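The values are calculated or read from the model by the stated rules, or taken from the named source; none is laboratory data. Being a predicted model, the structure only gives us computed values, none of them experimental. Quick note on the areas: whole protein, heavy atoms, side chains included, nothing else; ligands and nucleic acids left out. Shrake-Rupley method; radii C 1.70, N 1.55, O 1.52, S 1.80 Å.
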Amino acid sequence: MKIPFKAVAGDMDGTFLNDQRSYDHQLFDQVLTKLEKHDIRFIVASGRPFARLKNDFPEFIDRMDFVTANGSRLIVEGKEVAVEGLSKQQAINLINFVHNKYGSMATMAYGRKKAYIGTEAPAKDKEFLQYFAKESTEISDWQNLPDDVFIELTFHYDSKIAKDIEQDFNEQYGNLVTTFASNPIAIDAVKYGINKATGLRNLLARFNLTSEDLIAFGDSGNDIQMLDFAKYSYAMENGMEIAKEHARYLAPSNNDNGVLQVLNRYLDKN
């Protein structure tokens, strides 16, 4: 049976990674080698920035492509090929809007090369956000953000209000941001209209591929567009119900190497 896809896209947290934020490196190497033999690309499609992902895949980085920050930044062979984001002032306006409406909360702003976190954040919340940034600089006044393209902002708050933030902010400032419930206690915000599907579409086009060539795996709200986009879409057994509603198939749990299990089912038949 011919393998029906030419590219794989996988989310990280709750999908490719287990609950200890790790994965079976030996098994992944075996699967990646099989994919390469069939000229199938492996793409990480994550809310994580590239600085974190480089640390997650040190021995595989040159064998993969990346749709990072929920579609805002594309990396091929270790090099940035596209970036979309908010201006400094747009990022400041969003942070002030959220803090004024919902109260002060741990907040991180991701520039292209550096992430910034508010000094007022509780230590436990800082630890949660700083893990994803890999490296970050504390900032006491958001007005002092440097001039940069801000590819993503993350608010450590109940993600049930994610779409309320998007609607209310855009009503006041125009269509500037899209928000995702990337975790039960994390809300990601990116430039309006950007998501994992838009990032994947742009990346696949570079290789003359389309959604018809894609198998994708996800578990949460920021994977919905990707699951809708891919012809072969899998939600994780441990995933949110909203992700399962948008997927065609169900994969085993992230703690059971679900992504690699499914890929091996296809690969071992060929």
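Structure summary
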{"item": "Antiparallel bridge percentage (DSSP; both residues within region 161-270; nearest 5)", "result": "45 percent"}
{"item": "Ranking by accessible area, most exposed first, for E80, E241, E166 with a 1.4 Å probe", "result": "E241, E80, E166"}
{"item": "Rounded Å value of the spacing that divides the Cα centres of region 60-101 and region 193-215", "result": "16 Å"}
{"item": "Two-decimal log10 I(q)/I(0) for region 45-141, as the Debye equation yields it once each C-alpha is a single scatterer, q = 0.24 Å⁻¹", "result": "-1.29"}
{"item": "Two-decimal Rg/Rh across region 148-270, once Rg and the Kirkwood Rh are taken from alpha-carbon atoms", "result": "1.02"}
{"item": "Accessible area of the chain belonging to carbon and sulfur atoms, whole % at 1.4 Å probe", "result": "44 percent"}
{"item": "Exposure ranking of V76, V67 by accessible area [1.4 Å probe, largest first]", "result": "V76, V67"}
{"item": "Rounded if a/c under 1.5, otherwise prolate or oblate - region 1-69, Cα gyration tensor axes", "result": "prolate"}
{"item": "Cross-link reach list, aspartates and glutamates versus K2, counting only Cα pairs under 12 Å and skipping chain neighbours closer than eight places", "result": "D268"}
{"item": "Within the chain, percent of DSSP bridges classed antiparallel, to nearest 5", "result": "55 percent"}
{"item": "5 angstrom amide H check on G118, placed H, neighbours 5+ away", "result": "T107, I139"}
{"item": "Rg/Rh ratio calculated on Cα atoms of the chain (Kirkwood radius)", "result": "0.97"}
{"item": "Whole-Å distance, taken between Cα centres, linking region 117-192 and region 235-270", "result": "29 Å"}
{"item": "Exposure of E135 as accessible area (Å², to 10), given a probe of 1.4 Å and all protein chains", "result": "130 Å²"}
{"item": "For region 141-188, accessible area per residue (1.4 Å probe, heavy atoms of protein chains only), Å²", "result": "45 Å²"}
{"item": "Lysine-lysine proximity count for region 143-270, Cα under 25 Å, sequence distance 8 or more or distinct chains", "result": "10"}
{"item": "Helical mean residue ellipticity (222 nm; -39500 (n - 2.57) per DSSP H run of 4+; nearest 500) of the chain", "result": "-9500 deg cm²/dmol"}
{"item": "Between helix 123-133 and the chain: long-axis angle, C-alpha atoms, 0 to 90°, nearest 10", "result": "50 degrees"}
{"item": "Within a Gaussian network of the chain (alpha carbon springs, distance under 10 Å), most fluctuating of A82, A45, A205", "result": "A205"}
{"item": "Per-residue SASA entry for L214, accessible area with 1.4 Å probe, Å² rounded to 10", "result": "0 Å²"}
{"item": "Residue of F132, F57, F180 that the Gaussian network model of the chain assigns the largest fluctuation, springs spanning Cα pairs under 10 Å", "result": "F57"}
{"item": "Solvent exposure of region 21-104 as accessible area per residue, Å², 1.4 Å probe", "result": "42 Å²"}
{"item": "Accessible heavy-atom area order of D125, D223, highest first, probe of 1.4 Å", "result": "D125, D223"}
{"item": "Rounded D (µm²/s) - region 87-193, Kirkwood Rh over Cα pairs, Stokes-Einstein at 25 °C, 0.890 mPa s", "result": "181 µm²/s"}
{"item": "Count of lysine pairs in region 5-157 with Cα separation under 13 Å (8 or more residues apart, or interchain)", "result": "9"}
